[in-house]
Amino acid sequence: MSSGKQILYGANVVLPALMAQRRQIIRALVQRRNPELLGKRRPPPRQEIPAIQRLLEERNIPVVDAFRYELDRLTDGRPHNGLVLEVGELPIERAQVLGQVDLNAKTYELHPQGLMPMPIHRRSMIRPPLWIFMDGITDPQNVGSIIRTAHYLGVDGITLPMRDSPPLGGTVSKASAGALELMRNVFHVRNTAKFLHDCQANGWEVAAGGKRPLPDLVEDAPLPIRSKVTKALVRKTGPIGSRPTVLILGSEHKGLRPSLLPLIDRYLWIPYGGPILPMALRSDTTPSVAGAENGDRAAANLAQEEDPIESLNVNVAAGILVSHLLATMEGKPSIVLDS
C-alpha cells in the first residue's frame with residue numbers, strides 16, 4: 001500500500017467510515033462470494049450490507065470484484081467479511097492545550113498546534129468533560145479497544161503522543177469496531193509534559209491510572225477504585241470528578257512514566273482481589289502474604305506481586321476507570337440493574 005493510503009476491513013468498520021465521511025474513499029473491494037454489492041447470487045447478508053450498498057452507490061465509489069486471497073493479503077489474514085475499503089489517512093490534528101471550561105457553556109476550546117482554536121462540544125451538560133491520554137500504549141489492539149470503550153461510555157476526547165503510538169489505520173479501526181471513524185475528538189500531542197502542564201493551568205485536573213498504590217501518595221477515596229493525590233501538590237479542590245479531567249493511561253509494559261508523576265493531581269488504581277497462591281507456587285524471597293484474605297492492604301499487595309497475573313490489560317482497566325469516573329461525575333451508578 002503506497003504512502004498516504006490505508007486499508008479498512010470488515011462490515012463493522014466499513015459502514016462507520018462511510019457514514020463519518022472523514023476519509024477519502026478510493027474504492028471498495030468485495031469478495032466474489034459476497035455479491036450483495038455486485039448484483040450476483042445472494043447469501044444471507046450481514047445486517048450492515050444494505051446500508052453499505054446504499055452509501056457506496058450514493059457516493060459513486062468504485063466497487064471492485066476481488067478473490068478472497070486478494071483480500072486476505074491486503075488485511076494480513078485478519079477477518080474482513082469480504083469487504084475492504086482503500087482509503088486515505090484519517091486527518092488527525094496536533095493538540096496544544098485544552099482550554100478553560102465554563103460548566104454552564106455547551107462548548108469549550110481546544111487549541112491545535114499552528115491553527116485557530118476549535119470549539120469542542122460537550123458530550124454531557126451534567127458533568128465536566130473527561131479526556132483520555134494514552135501514554136506509550138503501542139499495541140493497536142489495545143488502542144482500538146480503548147477508543148471503542150471511550151466512544152461507548154461517552155468520553156469527550158482522546159489524545160495520544162505522536163511517538164510511541166501505533167498508526168491510526170485499519171488495525172486500530174478494526175479493534176475499535178469502527179469507533180475510530182466516528183469519534184472526531186482524537187488528537188496527537190507533540191510534547192506530553194507541556195500539554196498536561198498547560199491543561200492544568202487552564203483548570204483541568206490530571207488523573208492517572210496504575211496497577212497498585214505509590215508509596216509517596218496519600219489516600220483520599222474509598223473502594224471500588226482507590227484515589228490518591230500527591231503530597232507535594234495542592235491543586236486538588238473538591239471531590240474527584242468535580243473538575244474537567246484528563247485521565248492518563250500508561251503503557252502496557254512499563255505503566256506510567258516516572259517523569260509524569262509530578263504532574264499528576266490524582267492517582268487511581270483498581271485494588272487487587274485475586275487469590276492467595278499456594279505456598280508451593282510462591283518464591284522463597286517474598287514475605288508472608290498472610291492477612292490478605294482479611295483485607296490487610298500490605299499483605300494484599302504482596303499477594304499481587306506473587307501472582308503471575310498481577311495486573312489487568314490496559315483496555316480492561318480503562319473501561320473500569322472511565323466507567324467509575326463518569327458515574328462519579330454524573331452522580332449515577334456505573335451499572336444499571338433491571339428490577
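The values are calculated or read from the model by the stated rules, or taken from the named source; none is laboratory data. Computed from a prediction, not measured in an experiment: that's the story for all the values here. Neighbour counts are summed over all protein chains in view; Cβ atoms, including those assigned to glycine, are modelled from backbone coordinates with ideal geometry.
Of all residues in the stretch 60-84, which are part of a loop (DSSP other than H, G, I, E, B), among the small types (Gly, Ala, Ser) and over 13 Å from Val14 (Cα atoms)?
Matches in the stretch 60-84: Gly77 only.
Please verify whether the stretch 269-291 includes one or more residues that are closer than 25 Å to Ser176 by Cα and at pLDDT 75 or above.
yes
Being crowded, with 19+ Cβ neighbours inside 10 Å, part of a loop (DSSP other than H, G, I, E, B), out of contact with any Lys or Arg (no Cβ under 9 Å at 6 or more places or on another chain) and touching a residue at least 12 places away in the same chain (Cβ under 8 Å) narrows it down to one of Leu168, Leu110, Leu160, so name that one.
Testing whether each residue is crowded, with 19+ Cβ neighbours inside 10 Å, part of a loop (DSSP other than H, G, I, E, B), out of contact with any Lys or Arg (no Cβ under 9 Å at 6 or more places or on another chain) and touching a residue at least 12 places away in the same chain (Cβ under 8 Å) leaves just Leu168.
Name the residue, out of Asp76, Asp139, that is without any contact (Cβ under 8 Å) to a residue 12 or more places away in the chain and not aromatic (Phe, Trp, Tyr).
Every option except Asp76 fails the conditions.
Please go through the stretch 147-191 and give me each residue that is in contact with a Ser or Thr (Cβ under 9 Å, 6 or more places away or on another chain) and farther than 26 Å from Leu85 by Cα, ordered by number.
Matches in the stretch 147-191: Leu153, Gly154, Val155, Asp156, Pro161, Asp164, Val189.
Determine which member of the set Arg190, Arg212 is of a type outside the set (Gly, Ala, Ser), at pLDDT 50 or above, in the same structural domain as Pro166 (by TED's automatic domain parsing) and over 30 Å from Gly169 (Cα atoms).
Arg212
If the requirement is being touching a strand residue (DSSP E or B) at 6+ places or on another chain (Cβ under 8 Å), modelled with pLDDT under 95 and in the same structural domain as Ile320 (by TED's automatic domain parsing), which of these qualifies: Thr138, Thr159?
Thr138
Considering every residue within the stretch 141-154, establish whether at least one is in contact with an Asp or Glu (Cβ under 7 Å, 6 or more places away or on another chain), farther than 17 Å from Val246 by Cβ and surrounded by fewer than 23 Cβ atoms within 10 Å (Cβ to Cβ).
yes
Determine which member of the set Pro91, Pro119 is surrounded by fewer than 17 Cβ atoms within 10 Å (Cβ to Cβ), at pLDDT 90 or above, part of a strand (DSSP E or B) and not basic (Lys, Arg).
Unique residue meeting the criteria: Pro119.
Condition first: under 27 Å from Ile25 (Cα atoms) and of a type in the set (Lys, Arg). Can you find one or more residues in the stretch 138-150 that meet it?
So far as the stretch 138-150 goes, yes, one or more of its residues are under 27 Å from Ile25 (Cα atoms) and of a type in the set (Lys, Arg).
Would you check if there is a residue in the stretch 97-115 being touching a Pro at 6+ places or on another chain (Cβ under 7 Å) and of a type in the set (Val, Ile, Thr)?
Within the stretch 97-115, one or more residues are touching a Pro at 6+ places or on another chain (Cβ under 7 Å) and of a type in the set (Val, Ile, Thr).
Please find, among Ser251, Ser227, the residue that is modelled with pLDDT of 85 or more and of a type in the set (Gly, Ala, Ser).
Of the residues listed, the single one that is modelled with pLDDT of 85 or more and of a type in the set (Gly, Ala, Ser) is Ser251.
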